[in-house]
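Have a look at the structure below, then the notes.
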Amino acid sequence: MTPRITDSYQHRAALLLIAALTAASPLSSSASAGQETGTTARPPAASLARPTSAPKPTDADGFIQRWLLLEPIRVPGQLTETAVRTAIEKDFSVPATPLPHSGDKLTMDDSELTWHAVDTINYNVNLYHFAYALNKPTSNVLFWAVTVVNAPREMSGVRLAIGSNAASVWWVNGKEVAALYNDRQTVIDDGVSKRLTLNKGANVVRAAIVNAGGATDFCARFLDESDRPIKTLNATLTDR
């Protein structure tokens, strides 16, 4: 005997079908992601806060927790050395000087981008949280980051140790010191520079991070001549 389909069953089936079609539609996906429409209000990034103190000491493990971040720039998202260098040096380069301030704006490919000052509550800076909270894209993007690290005295023989998801290039006081390429997760001290000298007082650290898709973040700290984290540094941002 063929089972009888009730009106209630048909009604529920119709609702499920509508829900499935709505969830699969590009418009719904875009609005859900909140990255393409730019119309969905978002709460602040859970792992980031606006700086309130003057200097920000490194955390207990020496990680730098205060940064200026530029809103993400759309890029092809290729992570090879050639592709990353083309993006940061030719297509989407950002001047190293003058140092930006929070709220400064930069025009890139007819898009106006803003610099944001952030303190991370973790050892790493979560760029996905940063972009998502601003209704900005998180995939196939380039992030620029900069901070000023203050040393209590001249420190020779130190190294910058970094990790990033995904590719990244790093500079200290205008000199390139480290780079990571290809798709990767953030691993503490994944890339370590050659020995360098930190000046007494201000030292500028810049980074460019390229992400193809999914989570994206970075971490950075300095290691002393014995490869131990330096915990006597602090980070500030430039005043107007």
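The values are calculated or read from the model by the stated rules, or taken from the named source; none is laboratory data. Here the structure is a predicted model, which is why all the values come from computation and not from measurement. Cβ placement follows ideal geometry from the backbone for every residue including glycine, while neighbour counts extend to all protein chains displayed. Note: areas computed on protein heavy atoms with side chains; ligands, DNA, RNA excluded. Shrake-Rupley method; radii C 1.70, N 1.55, O 1.52, S 1.80 Å.
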- Message: Are there strands (runs of 3 or more DSSP E) fully within segment 195-240 with at least 3 residues that are surrounded by 17 or more Cβ atoms within 10 Å (Cβ to Cβ)? List them.
- Response: 201-211, 217-223
- Task: For segment 145-163, indicate whether the set of residues that are open to solvent by 40 Å² or more (accessible area, probe 1.4 Å), of a type in the set (Asp, Glu), assigned to a strand (DSSP E or B) and farther than 30 Å from Thr40 by Cβ is non-empty.
- Result: no
- Task: Can you work out which of the residues in segment 70-96 that are over 13 Å from Val141 (Cα atoms) and touching a residue at least 24 places away in the same chain (Cβ under 8 Å) is nearest to the chain's Cα centre (by Cα)?
- Result: Val94
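Just need a number here: residues in segment 183-231 that are among the aromatic types (Phe, Trp, Tyr) and within 18 Å of Glu71 (Cα to Cα). It would help to see each step written out before you state the result.
We begin by selecting, within segment 183-231, every residue among the aromatic types (Phe, Trp, Tyr); these are 218, 222.
Still in the list and also within 18 Å of Glu71 (Cα to Cα): 218.
The total comes to 1.
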